[in-house]
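The values are calculated or read from the model by the stated rules, or taken from the named source; none is laboratory data. Note that this is a predicted model, so its numbers are computed, not measured. Positions of Cβ are backbone-derived with ideal geometry, glycine not excepted, and every protein chain shown enters the neighbour counts. Each accessible area value is taken on the protein alone, full model and side chains, heavy atoms only, with ligands, DNA and RNA left out. Shrake-Rupley method; radii C 1.70, N 1.55, O 1.52, S 1.80 Å.
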Amino acid sequence: MAASEIAASPGTFLVRRREEWRQIGIVAVYWGLLGAMFFVPAARNVLVFAGACYFSFLNSVVIHNHMHQGVFHSKRLNLVWRAILSFGALYPASANIPAHNLVHHHFDDDGDLDWAAPDHVRFRWNLLNLLHFPNVAGPRTFAGVQRWAASSRHPSFVNQYRLETAFAFGLTGLLFVIDFWTALFFVVIPQLYGARCILRINLIQHDGAQVHSEWNHSRNFVGRGFNWIMCNNGYHTIHHNRAGMHWSELAPAHQREVVPRMDPRLDERSMVWYLLRTYLLRPLRPAIEGHGPIPSGDDRSLAPRAQRRAEADDTALAESTLAVS
Amino acid sequence: MAALALAVFWIHVLLIAAAAGQDLIELARLRRSLRPLTSPREAWVGLLRATVVRGDGPAGALASNVVEQVGRGKGDGKLYFSDAAHRSELHGGEIELADGVRVELVATDAAGVWPDLAARAAAAAPSSSAQITEAEPQARRAKGYPRRVEVELVEGQPVWIAGRWTHADRWQVEPGLAGGLLISAIDPRRWLARKCWIIVSFIVGEIVIAAACTLAATWPPLFDWVSMLGAGAALGFFLAVQPVGVSLNESVRTPDRAYLRGSWTRTP
């Protein structure tokens, strides 16, 4: 989908698609949980804390979706929404443009490793890889974003990035000033949990898969309930292959395009069972297995990888500026 | 909650130390395999100092280390480079050992070529402002400005060479290390020793600082000023030690695949 094709659906108030209210609801619940814990001592309990951590992760999922296709009709509102999301994850949401849209979606096609490639961790005890992954993927991502920003011709990236950083850290700093310990335990820890979990997803979705294959580069989690709350982020193969496709359309597209072509072992019904099986019940990191023949480049169901990448790049960058309508 | 936070803090401190430990083990293992020899011995794996007397590669190079880079810029006189690939090429040729023995080297892909990193940085520098001006239009495009930074080991240059030494009618060196054959413009054992000490210092320093933060955070009375400063320091340290750990990991990559990156700035 080209930048100019990001069209508003007629008849939806405020948002481009009515499904976006689910994402807004997720973020509202998250802010509600953080606010409750910060202002109401009775809410500082394990249940609310665990809920805040989980919704912090979902907030990062919303960042991911929003950076592919903005939630609102108004571009200005989309940029404001980024700042709100940035506070929830304690990192500037715009970092996703270079880190996710422009680098992760390319895998290592550009020569160097993806900043969040599974190869960055190499413990034999696989659970340690899952725990440690954000410690290496996070700094690589932010260093990479700085390098990208230095040479980017994108007109407003740096200003927007700074604005989001100032809002996220400014508001968190203010909470520290008001009540240090409550801010640390009941705001910052959930924020960091979500931001670090979204990094871990890169490992979960790609470790052991074949990034040079068109259909076996990603692991999918296809449970219906999981994908409802995760806004279809379980369908990762089709997301990579059609980065411009709205998240609400991924489930049928996965069935139609991916399932007939992929290695079925890369479809997992439950992420919880996969995590238990891969990181707890089996201590050693699974060896990289073959996932069937890699389909040849003349698969007519997909445009060439470079063309798809270029279109997705244009879309991501167009979402980031007020200048493109 | 404080105990949970401290437990998470320490798990990650130790994971970062353990990841540095993995680098340490790899470098120490490589150093051990580079057993210094005074002269070649049949079937021994070890390191010898030599001088290049002939190179069969382009411009008489015995071997070369190549970094493929892509430069990007926005037309403001600055180009930023990212590394796309690191390659070592042994073209073949002849070296002379300190005792005058000559050794024939056969071209192979199974060789690591360690350049002098200062020489590589010099090779990567722009020859003039005009070169930057010429590169800028390409660097502004999506594909960027591709270039190849090559450092060659040439005739007359002192080198260190490690592998399996064999003698038939004359001495030869074959791939015998885990990475094959090593040809280096710098003393690899000294380089490895220095990097190992840096890693050890990092691990010790990291744990000491984390312990100091923990001590302050748990200083009685709990949740008072000292405790608060300790917790703040622990949070800051937790966020800061991760990029430091990654920088360390990148800085101990062996010279044949060390990141070059860098930038060009046009002077008016």
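For the stretch B:56-97, a tally of residues being within 14 Å of chain A (Cβ to nearest Cβ), open to solvent by 10 Å² or more (accessible area, probe 1.4 Å) and outside any loop (DSSP other than H, G, I, E, B) returns 10. Filtered by the rule that a residue be farther than 22 Å from B:Arg32 by Cα and touching a residue at least 24 places away in the same chain (Cβ under 8 Å), the stretch B:177-222 gives B:Glu206, B:Ile207, B:Ile209, B:Ala210, B:Cys213, B:Thr214, B:Ala217, B:Thr218, B:Leu222. Report yes if some residue within the stretch B:245-262 is more than 14 Å from every other protein chain (Cβ to nearest Cβ), of a type outside the set (D, E, K, R), in contact with a Ser or Thr (Cβ under 7 Å, 6 or more places away or on another chain) and not in a helix (DSSP H, G or I); otherwise report no. No, because not a single residue in the stretch B:245-262 is more than 14 Å from every other protein chain (Cβ to nearest Cβ), of a type outside the set (D, E, K, R), in contact with a Ser or Thr (Cβ under 7 Å, 6 or more places away or on another chain) and not in a helix (DSSP H, G or I). Does A:Phe57 satisfy being crowded, with 18+ Cβ neighbours inside 10 Å, out of contact with any Cys (no Cβ under 8 Å at 6 or more places or on another chain), among the aromatic types (Phe, Trp, Tyr) and part of a helix (DSSP H, G or I)? No; evaluated as a whole, the condition is false for this residue.
Residues in the stretch B:98-130 that are free of Cβ contacts under 8 Å to residues at least 60 places away in the same chain and not in a loop (DSSP other than H, G, I, E, B): B:Ala118, B:Ala122, B:Ala123, B:Ala130. No other residue among A:Arg18, A:Arg82 is surrounded by fewer than 18 Cβ atoms within 10 Å (Cβ to Cβ) and of a type in the set (Lys, Arg) apart from A:Arg18.
The set of residues in the stretch B:25-55 being open to solvent by 40 Å² or more (accessible area, probe 1.4 Å), in contact with a helix residue (DSSP H, G or I) (Cβ under 7 Å, 6 or more places away or on another chain) and either in a helix (DSSP H, G or I) or within 14 Å of chain A (Cβ to nearest Cβ) (or both) consists of B:Leu30, B:Arg31.
Here's a check for you: in the stretch B:218-244, which residue that is at the interface with chain A (Cβ under 8 Å from one of its Cβ atoms) and over 23 Å from A:Leu199 (Cβ atoms) is surrounded by the fewest Cβ atoms within 10 Å (Cβ to Cβ)? Spell out how you get there, then give the answer.
Looking only at the stretch B:218-244, we keep the residues that are at the interface with chain A (Cβ under 8 Å from one of its Cβ atoms), and these are B:223, B:228, B:231-232, B:235, B:242-243.
Subset that is over 23 Å from A:Leu199 (Cβ atoms): B:223, B:228, B:231-232.
Numbers: B:Phe223: 13, B:Met228: 18, B:Ala231: 24, B:Gly232: 16.
Only one residue tops the list, namely B:Phe223.
Being under 18 Å from A:Phe157 (Cβ atoms), touching a residue at least 40 places away in the same chain (Cβ under 8 Å) and part of a helix (DSSP H, G or I) is true of A:Asn78.
Aliphatic (A, V, I, L, M), at pLDDT 95 or above and on the phi < 0 side of the Ramachandran plot: does that describe A:Met67? I'd like the intermediate steps shown before the answer.
On the way: aliphatic (A, V, I, L, M): yes; at pLDDT 95 or above: no; on the phi < 0 side of the Ramachandran plot: yes.
In short, no.
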